[in-house]
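The values are calculated or read from the model by the stated rules, or taken from the named source; none is laboratory data. Worth saying up front: this structure is predicted, and the values here are computed from it rather than measured. Neighbour counts are summed over all protein chains in view; Cβ atoms, including those assigned to glycine, are modelled from backbone coordinates with ideal geometry. What goes into the accessible areas is simple: the full protein's heavy atoms, side chains included, and nothing from ligands, DNA or RNA. Shrake-Rupley method; radii C 1.70, N 1.55, O 1.52, S 1.80 Å.
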Amino acid sequence: MIIFMEPKAAKEAIGNVVRLIEGEGYRAEIVQGEMQATVHVIGIKDAHKTSLETTISAQLGVNDVKLVSEPFKIASKEFPGADKVVAERGNISVSFNGKNAVMMAGPCAVESEDQMMRSAGLLSALGIRIMRGGAYKPRSSPYDFQGLGEEGLKLARKAADKFGLLYVTEVLEKADLEIIAKYADIIQVGARNMQNFKLLEAVGQLDVPVMLKRGMNATIDEFLLSAEYILCQQTKHQVILCLRGIRTFEKDTRNTVDLGSLPVIKRRTWLPVVIDPSHAAGRRDVILDLTKMALAGDANGFMVEVHPYPEKALCDGKQSLSFREFADMYGQLADLGKSIGRTVQ
Ligand code: PEP
Ligand code: MN
């Protein structure tokens, strides 16, 4: 940790910071520059970094505090042993990380048996192994379709089992976790719950793969620290990060696609990062372009909304691809993959 003192910080302020650090059992070294002093702290325990940073930032004469190593531990590149996330059920096993980009697709919400069977049939015909479909939906309006709940989970599981697929679905609250865990192979924590810390801990305790979506107003640091909340409850450390767009002033897209954060996040963590172009863009005409960019940008996968009848979808029809559009996109991604040494499945 490096503490930047204000240019005119008094000797007493610097002394106070040093005493505080030494009082916590760490070593402090003052470097007196021409304009300002910096205090370098050595040997801080990982678990203590954020709280110490908060305390020191509040001291008189302190201008800024920077952590030299990551504020999280298990999510960091240095964490020994962890290098991939694997979702599995029976003899189906899908590994995130490496040259293959994992395609997860399906409707926004589970609506009917026919819809899920058709969707699962399409995915399986294309060789895709993970289906999505929300049974508990976080809707902006209380008057909108809220999802079928457990009935939806049952329909999705039935379709997934019939076609040999894994199933990813969102949890909205702790009370539903047990039931969702019965049906899902990957549990999704959505953007709106990214900082619901009690939910993150509870989902971590189940020790199943979790897909965490970036909050629409969250910084990369906050995103990774939220992942750490889950990881530190798990013994197998299985978290997939999902970029689904952030809020900006832009109006042409539902959110602003934060593809620029992909290489930045990948430099900081070993966790796989997938792109959800559907919620990012909010419109189906740019999904193909965005998935291509993500594949070339080394994303570990995608989550894409596809619906047998997008124009009749109860949720997010505008951004959902038709089966034909989806199959076409999937073919184009495979072609692009060939030229850059990647596969998509
Ligand atoms: C979803 O994937 O169904 C969803 C609601 O996404 P987000 O949390 O990114 O809005
Ligand atoms: Mn949706």
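Averaging 1/r over every pair of different alpha carbons in the chain and inverting the result gives a Kirkwood radius of 21.5 Å. Simple spin-label estimate for Leu336 and Lys312 gives 3.1 nm between the two label positions (7 Å along the Cα-to-Cβ direction from each Cα). Fraction of C-alpha pairs exceeding 20 angstrom in segment 25-171: 65 percent, rounded to a whole number. Please list the non-local residues whose amide H lies under 5 Å from the amide H of Gly134, H modeled 1.01 Å from N, same-chain partners needing a gap of 5 or more. Amide H neighbours of Gly134: Ala109, Val110. Local charge for Asp335 was computed over the other residues whose Cβ lies under 12 Å away, with Lys and Arg +1 and Asp and Glu -1, and equals +2.
Mean projection of the Cα convex hull over all viewing directions, computed for segment 256-306: 3.3 nm². Each pair of Cα atoms in segment 292-336 enters the Kirkwood radius, and Stokes-Einstein at 25 °C and 0.890 mPa s then converts it into a translational diffusion coefficient of 214 µm²/s. Comparing Cα centroids, segment 227-292 and segment 174-213 end up 17 angstrom apart. The count of lysine pairs in segment 22-112 that are at least 8 places apart or cross chains, and whose C-alpha atoms lie under 24 Å apart, stands at 10.
For the chain, the list of Cys residues with no other Cys C-beta under 4.7 Å reads Cys232, Cys242. Each of His307, His40 has its accessible area taken with a 1.4 Å probe; listed largest first, they run His40, His307. Ligands, DNA and RNA are left out, and with a 1.4 angstrom probe the accessible area of segment 126-268 is 43 Å² per residue.
For segment 156-228, lysine pairs separated by 8 or more sequence positions, or belonging to different chains, with Cα-Cα distances below 27 Å total 10. The calculated FRET efficiency for the pair Thr55 and Lys198, based on their C-beta separation and a Förster distance of 22 Å, comes to about 0.35. With viscosity 1.567 mPa s and temperature 4 °C, the Kirkwood radius over alpha carbon pairs of segment 212-293 converts through Stokes-Einstein to a diffusion coefficient of 98 µm²/s.
Grouping the Cα pair distances of segment 155-300 into 10 Å bins from zero gives a pair-distance distribution of 12, 39, 36, 13, 0 percent in increasing distance order. The Ala47 and Ser95 beta-carbon pair, evaluated with R₀ = 30 Å, returns a calculated FRET efficiency of approximately 0.50. Each part reduced to its alpha carbon centroid, segment 31-97 and segment 102-128 end up 39 Å apart.
Can you give me the % of accessible surface on segment 155-289 that is carbon or sulfur? Probe 1.4 Å, all protein chains present, nothing else counted.
Of the solvent-accessible surface of segment 155-289, carbon and sulfur hold 51 percent.
Express the relative contact order of the chain as a whole percentage, based on alpha carbon pairs under 8 Å and six or more residues apart in sequence. In percent, rounded to a whole number, it is 16.
Put +1 on the Cβ of each Lys and Arg and -1 on the Cβ of each Asp and Glu in segment 255-307; which of Phe302, Thr291, Leu259 then has its Cα farthest toward the positive end of the dipole? Checked the options; the winner is Leu259.
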